[in-house]
Amino acid sequence: MGALMKRLVFLAIAIACTLPPTGVAGVRASGVGRRSLQSATANAPDIRVVDLKGLQDAIARNRGKALLVNFWAIWCEPCVAELPEFLATGREYRDRNAVVLTVSYDLMIPDVTRDGVLKQMRAFVEARKIDAPVLIYDAPDYDAINERLGLPGPVPVTIAIDATGRIVDRHTGQATRQQFQDMMKKALGEQ
């Protein structure tokens, strides 16, 4: 499937999902790069816009640890529904050399700006008390991320990466707490 077709499929999924009242419609997209946000709370997670290299660097920084990476978006109901279970799994395994990382696809829909998405994400993270890093993916070629990480395209999808950096499990669609725990156990080499 070509890049244009994948974007159209992704757009159809985005439209099918319910936008929150603070949706980002009506704003225009802009460039790629990194930017950290300052937060009013000391415990706020890192929120950054990254391209494929930035995502690969974030994964590489966690080499030596078990890692779950969840690909999601605010406009995706199943993504938002599974997020508390994903984050709880991260807290449960935190003291076992395991981490969780979230990768938002909120810049993948048309007519949004980077600043608008960052503002919306900061409010979402604060309201939901998200305690894991949030990387907002933005790159001109979305096929590259799918090919590099073996992603199917639509979200939610979660991958488990072991301490050597090898993907050891993948779940497409909304996952349960038990499924996240099982994935983390595989990343830890326990299953």
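Read-outs throughout are calculated quantities, based only on the coordinates presented, and are distinct from any laboratory measurement. This is a predicted model, so every value here is computed, not measured. As a convention, Cβ positions derive from the backbone with ideal geometry for all residues, glycine included, and neighbour counts pool all protein chains shown.
So here's what we get for this one:
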{"quantity": "Part-to-part distance (alpha-carbon centres) for segment 116-191 and segment 87-113, which is given in Å", "calculated": "6"}
{"quantity": "Qualifying trypsin sites (Lys or Arg not before Pro) for segment 79-136 [loop in DSSP, other Cβ within 10 Å: at most 12]", "calculated": "129"}
{"quantity": "Cα-based radius of gyration of segment 95-191 once divided by 2.2 N^0.38 Å, which approximates compact folds", "calculated": "1.18"}
{"quantity": "Per-residue ³J(HN,Hα) for segment 55-61, Karplus 6.51 cos²θ - 1.76 cosθ + 1.60, θ = phi - 60°, Hz, x for Gly and Pro", "calculated": "5, 4, 5, 4, 5, 4, 4"}
{"quantity": "Whole-Hz ³J(HN,Hα) from phi, Karplus 6.51 cos²θ - 1.76 cosθ + 1.60, for segment 166-180, glycine and proline x", "calculated": "8, 6, 10, 7, 8, 10, 9, x, 5, 10, 9, 4, 4, 5, 5"}
{"quantity": "Using θ = phi - 60° and Karplus 6.51 cos²θ - 1.76 cosθ + 1.60, couplings along segment 103-109 (whole Hz; Gly, Pro as x)", "calculated": "10, 7, 9, 5, 8, 7, 8"}
{"quantity": "Amide H partners (placed H, <5 Å) of residue 50, local residues excluded", "calculated": "136, 137, 138"}
{"quantity": "Contour minus Cα-Cα distance for residue 119 and residue 91 (0.36 nm per residue)", "calculated": "7.5 nm"}
{"quantity": "Amide hydrogen neighbours beyond the local backbone of residue 157, cut-off 5 Å, H modeled", "calculated": "71, 173"}
{"quantity": "Amide proton proximity set for residue 169, modelled H, under 5 Å, gap of 5+", "calculated": "160"}
